[in-house]
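Presented below is the structure to which this report refers.
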Amino acid sequence: MNDEYPLQFAVDYPDRALNRVSTLFRIFAVIPIAIVLGSIGGWQGEWSSDVDAQSSTIVIGGTGLLFLPPLLMILFRQKYPRWWFDWNLQLLRFSNRVGIYMALMDDRYPSTDEEQAVHLDAPYPDAREGLNRWLPLVKWLLAIPHWILLAFLWLGAIVVVIIAWFAILFTGRYPRGMFEYVEGVARWHNRVFAYAVILVTDQYPPFRLAP
């Protein structure tokens, strides 16, 4: 039996001394790239003047991950446009690079396009033959058990990252067991995203941290 899930995720373990200074100030160093990532999701604000009772709306940024457009195309046309798939995959890779940097698992500043230590891939789906056209309507509901478990797993991951922060400051190393736990939580999270958010697979995500 093949237990391999369509979305594959792994992070290279840094078998070397990590930068202590970068680790110490990571929460500040991540801000610029986090703003870039956030701007891709888009921001909208409204400005109004009491003098002329008029308002202006300012929209900044992009669209974030595409969910509703693929859902509608799969439902009505049984099609997943290739460029929508590529957009979602690349944005998911970028957000994971930022997340891994924030989790102290890599001390290289996140690239907007280079793979670096984060490896995330998924096959392009054949929407007509490989995806059920009605399933996207209920995937969010079917994924609820995963979201509940992930909430607790991420709480644990936050505690692990804080402990790892001290470990790196004192030893320069990220304890491998802690690294693998955070990597596993991120892997689980990405599998659920592939299934319920970007809709690239109908295979139900496994309840496990391992590959």
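A few notes on this one:
- Between TYR195, PRO175, PRO70, the Cα set farthest toward the positive side of the dipole of the chain (charges on each charged residue's Cβ, about the Cα centre) is that of PRO175.
- Rounded to the nearest whole angstrom, the semi-axes of the ellipsoid equivalent to the chain, taken from the Cα gyration tensor as √(5λ), stand at 31, 27, 15, largest first.
- Percentage of interatomic Cα-Cα distances in segment 78-186 larger than 21 Å: 52
- Per residue, the chain exposes 56 Å² of solvent-accessible protein surface, assessed with a 1.4 angstrom probe and all protein chains in place.
- Working note: 222 nm ellipticity from helices only, DSSP H runs with n ≥ 4, each -39,500 (n - 2.57), summed and divided by the residues of the chain, gives -16000 deg cm²/dmol to the nearest 500.
- Size of electric dipole in segment 90-147: Cβ of Lys, Arg +1 and of Asp, Glu -1, about Cα centre, debye, nearest 20: 360
- If R0 equals 30 Å, the separation of the Cβ atoms of SER22 and ARG208 corresponds to a calculated FRET efficiency of about 0.40.
- Rule-of-thumb Rg ratio for segment 97-151 [Cα; 2.2 N^0.38 Å; N residues]: 1.63
- Among PHE179, PHE25, PHE166, the largest mean-square fluctuation in a Gaussian network model of the chain, built with springs joining Cα atoms closer than 10 Å, belongs to PHE25.
The values are calculated or read from the model by the stated rules, or taken from the named source; none is laboratory data. Keep in mind that what you see is a predicted model, and the values were worked out from it rather than measured. No Cβ is skipped: glycine too gets one built from the backbone with ideal geometry, and neighbour counts run over all protein chains shown. Protein only, heavy atoms only, side chains kept; ligands, DNA and RNA dropped before computing areas. Shrake-Rupley method; radii C 1.70, N 1.55, O 1.52, S 1.80 Å.
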